[in-house]
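Everything below concerns the one structure shown next.
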Amino acid sequence: MYKSVSYLGFLKDVLVLSVSTFGGPQAHFAYFFKILVQKRKYLSEEDLIEINSLCQVLPGPTSTQTLTAIGFKIGGPNLAYLTLIIWILPGVMLMIFAAIIMESFQERNVSLEFTRFVPAMAVGFVSYAAYTMSVKTVHTRIGIILMVLAAVLSYFIRSPFFYPASLIIAGVVTAFKYKAQPKEEKTPILIRWENFLLWAGVLILAAVLGAFTHNLPIRLFENFYRNGSLIFGGGQVLTPLLYREFVELKHYLDLREFLSGYAIAQSIPGPVFSFSAYIGALSMKSSGIGGQIAGGLISAAGIFLPGTFLIFFLIRFWDSLKKFRAVRASLEGITAASAGLVAAAAVILFQPLDNEPATYAFTVGTFVLLSFKRIPSGLIIIIGLVLGYVL
């Protein structure tokens, strides 16, 4: 049961998260845990892990779905949509701004070198999230086995579909332990199909309009909505698909513009999927600043709405569904596999980094600093940016 909270206070915390969280969905989990669970106590550790695992089964941006689902559980759809807007808007506007001034950056040779420690620090955040999840959720032998298997297999199997598949399989394995779960009085499962039909309807309508129109904003919305509906695994999976479509096939951006935008996206707070706003804005650079802003906002709406519709569909009847013993038993496997996926993500993200002492120092140092609850996450990132500039 979620406690009674001030909606305005919750939205202020969402705003703080939107301007201070770096590193993608795995690192975002550590921020959410630190602010929403430990500091504000909006929900329990178990509830956060459960919602996060549930969102990983669905396509779309996991951290965005997790945060908006929390808003939905606290205050219903109105608070959830406000949560979505406040969470994505700073990152989206920063990426639109980056697209608008990209040519100026290139002409003046403005360096982004001061952000060079941010990737290593992001790995520290991911590592801390994996450690927290494993300590809090994995307490049985079968849980440890599933966590290790998920971590090892996800390291070698880089398919985006492995993420939801591993969670489902792990859930099925522990579902057979349902007899260990206490019986609860079941309530009828009332499935409200509005959000599912909304998701499917927009997907079909956007595809039809995109196929029969030469209107660039519509085509942008269709492309990002389609990708947001079909992509599992977060921004690291989405990025190569965007490169293939917008650079190699459609030539809306060149390689220099794409890689510069990707570097900026890795260095700003908020959801990694805000990279879509940068691509949308540059895709409409011939339409002036107004057209670029519109292109960025349209593309952002396209990438974020599908996952939002789907989590709102599922979260409405989840509380009734988990009263069944087999469903509750499956959560053990789902959360254990989720912890394994996060641990593997830390290793995968660390490997491409420069093999130098500073990389190890900032990764380990971030992990250690996160262990002290009184040090704000945003302050840790600011320290890294300042050191990147000074050094």
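A few points about this structure:
- Against the list (1) under 15 Å from Phe312 (Cβ atoms); (2) among the aliphatic types (A, V, I, L, M); (3) in contact with an Asp or Glu (Cβ under 8 Å, 6 or more places away or on another chain), the condition Leu209 fails is (1).
- Unmet criterion (only one of (1) within 21 Å of Pro25 (Cα to Cα); (2) surrounded by 13 or more Cβ atoms within 10 Å (Cβ to Cβ); (3) modelled with pLDDT under 85) for Arg158: (2)
Listed here are the residues, each with its yes/no results for (1) at pLDDT below 85; (2) of a type in the set (Ser, Thr, Tyr).
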| position | (1), (2) |
| --- | --- |
| Ser44 | no, yes |
| Asn52 | yes, no |
| Gly60 | yes, no |
| Thr64 | no, yes |
| Ile70 | no, no |
| Gly75 | no, no |
| Ala80 | no, no |
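- Hey, Ile293 in contact with a helix residue (DSSP H, G or I) (Cβ under 7 Å, 6 or more places away or on another chain) and modelled with pLDDT of 90 or more or not: yes
- Close pairs from segment 26-48: first under 20 Å from Ala344 (Cβ atoms) and in contact (Cβ under 8 Å) with a residue 60 or more places away in the chain, partner surrounded by 16 or more Cβ atoms within 10 Å (Cβ to Cβ) and aromatic (Phe, Trp, Tyr), Cβ under 7 Å, at least 6 apart: Ala27/Phe125; Ala30/Phe125; Ala30/Tyr128
- Which listed residue, of Phe312, Phe317, is among the aromatic types (Phe, Trp, Tyr), closer than 22 Å to Thr62 by Cβ and surrounded by fewer than 17 Cβ atoms within 10 Å (Cβ to Cβ): Phe317
- The single condition among (1) within 28 Å of Thr21 (Cα to Cα); (2) at pLDDT below 75; (3) surrounded by fewer than 20 Cβ atoms within 10 Å (Cβ to Cβ) that Arg226 does not satisfy is (2).
- Of all residues in segment 296-308, those satisfying the criterion of being of a type in the set (A, V, I, L, M, F, W, C), closer than 22 Å to Leu54 by Cα and crowded, with 24+ Cβ neighbours inside 10 Å are Ile303, Phe304.
- For segment 269-295, the tally of residues that are in contact with a Leu (Cβ under 7 Å, 6 or more places away or on another chain) and either outside any helix (DSSP H, G or I) or surrounded by fewer than 24 Cβ atoms within 10 Å (Cβ to Cβ) (or both) stands at 1.
- For segment 308-340, the set of residues classified as under 16 Å from the mean Cα position of the chain (by Cα), modelled with pLDDT of 80 or more and either under 22 Å from Ala30 (Cβ atoms) or not in a helix (DSSP H, G or I) (or both) consists of Ile311, Ala339, listed by residue number.
- Criterion violated by Val386 - all others in (1) at pLDDT below 80; (2) surrounded by 12 or more Cβ atoms within 10 Å (Cβ to Cβ); (3) not hydroxyl-bearing (Ser, Thr, Tyr) satisfied: (1)
- Complete set of residues in segment 325-334 that are farther than 12 Å from Ile145 by Cα and not hydrophobic (A, V, I, L, M, F, W, C): Arg325, Arg328, Ser330
The values are calculated or read from the model by the stated rules, or taken from the named source; none is laboratory data. Only a predicted model underlies this, so the values are computations on that prediction, with no experimental measurement involved. When we count neighbours, we look across all protein chains shown, and the Cβ atoms used for this are built from the backbone with ideal geometry, even at glycine.
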